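These notes are about the structure you will find just below.
Derivation of every value follows stated rules applied to the coordinates shown; laboratory data play no part. Keep in mind it's a predicted model, so treat the numbers as computed, not measured. Positions of Cβ are generated from backbone atoms using ideal geometry, with glycine treated the same way; all protein chains shown enter the neighbour counts.
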Amino acid sequence: MGGPTHVGLAFSCICGQLKGQISDRGVRLGTHVECFCHDCRAAQLFFRQPDPAPGPVDIFQMAPDEIDFTAGGQFLSAMKLSPNGMLRWYASCCNAPLATMPQTARLPFAGLIAGRITGDVSALGPVTTRGFVPRPNGKQKHEKVRFAAFGLLHRALRSRLSGRWKNTPFFNHETGEPSVTPNVISKDERAALYP
């Protein structure tokens, strides 16, 4: 007999109107991480989610082409904490944060909020990397970052070489632009998110 068989995982917004699926390959090749960075926390606060501090935001990293929407795609929206910031995708129906991505589809990276998973979260595997972990001296440190870095490079290379990076609901296939125009929050809004 072979090794364990991985199946795709379902995810959903809070109210259940937007639903989707992570592919089998996405589950198998993904990296389970925890992030303590100020931006991830600020995004959770912007979406009126419980403040994760002093704990992390639980994230599953994969290629965006491993994500598909099965219902409610019209509710897909995006925001940025700054003009050059990451795209923070969310469901406008209930303000549920979904995933974080670079501004371009050419770097195929998605950090899905693990709390959106409605299937068996044990399929994500253990947390292998912890980013921006606060230290007593006020500085931050990454723990076992090699797992996240290797995973990102491996997935990005596979996605780019196969051409799958173009097939994602988050970006326009023809233009490479985000599939919806992101809302860039104001400096005052942003300042209020960094207590």
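So here's what we get for this one:
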| item | result |
| --- | --- |
| Residue (of SER23, ILE113, GLY55) at the positive-pole extreme of the chain, dipole from beta-carbon charges | GLY55 |
| Built amide H within the under 5 Å cut-off of THR118, gap 5+ | ALA10, PHE11, SER12 |
| Length gained when the stretch THR104-ASP51 is fully extended (0.36 nm per residue, less Cα-Cα span) | 16.2 nm |
| Reach of LYS141 by Cα under 29 Å, taken over lysines that are not fewer than 8 positions away in the same chain | LYS80, LYS187 |
| Positive-end residue of GLY138, PRO126, PHE75, charge dipole of the chain with Cβ unit charges | GLY138 |
| Computed E for LYS187/GLN17 - FRET, C-beta separation, R0 25 angstrom, nearest 0.05 | 0.20 |
| Listed peptides 103-112, 139-148 by packing density, highest first (mean Cβ within 10 Å) | 103-112, 139-148 |
| ³J(HN,Hα) computed for each position of region 151-168 - Karplus, 6.51 cos²θ - 1.76 cosθ + 1.60, integer Hz, glycine/proline x | x, 4, 5, 4, 5, 4, 5, 4, 5, 5, 5, 7, x, 5, 4, 7, 9, 9 |
| Cα-based Kirkwood hydrodynamic radius, region 37-195, one decimal, Å | 16.6 |
| Top positive-direction residue, dipole computed over the chain with Cβ charges, set PRO102, PHE147, ILE185 | PHE147 |
| Packing-based ranking, highest mean first, of 180-190, 39-49, 123-133 given that Cβ atoms within 10 Å are counted | 39-49, 123-133, 180-190 |
| Rg to Rh quotient for region 146-195, alpha carbon positions, Kirkwood Rh | 1.18 |
| Net dipole in debye of the chain [+1 Lys, Arg Cβ; -1 Asp, Glu Cβ; about Cα centre; nearest 20] | 540 |
| Whole-Å distance, taken between Cα centres, linking region 85-110 and region 22-58 | 12 |
| Anchor LYS19: aspartates and glutamates whose Cα lies under 13 Å away (excluding residues fewer than 8 positions away in-chain) | ASP68 |
| Set of aspartates and glutamates near LYS144 by C-alpha distance (under 20 Å), chain-local residues within fewer than 8 positions excluded | GLU34, ASP58 |
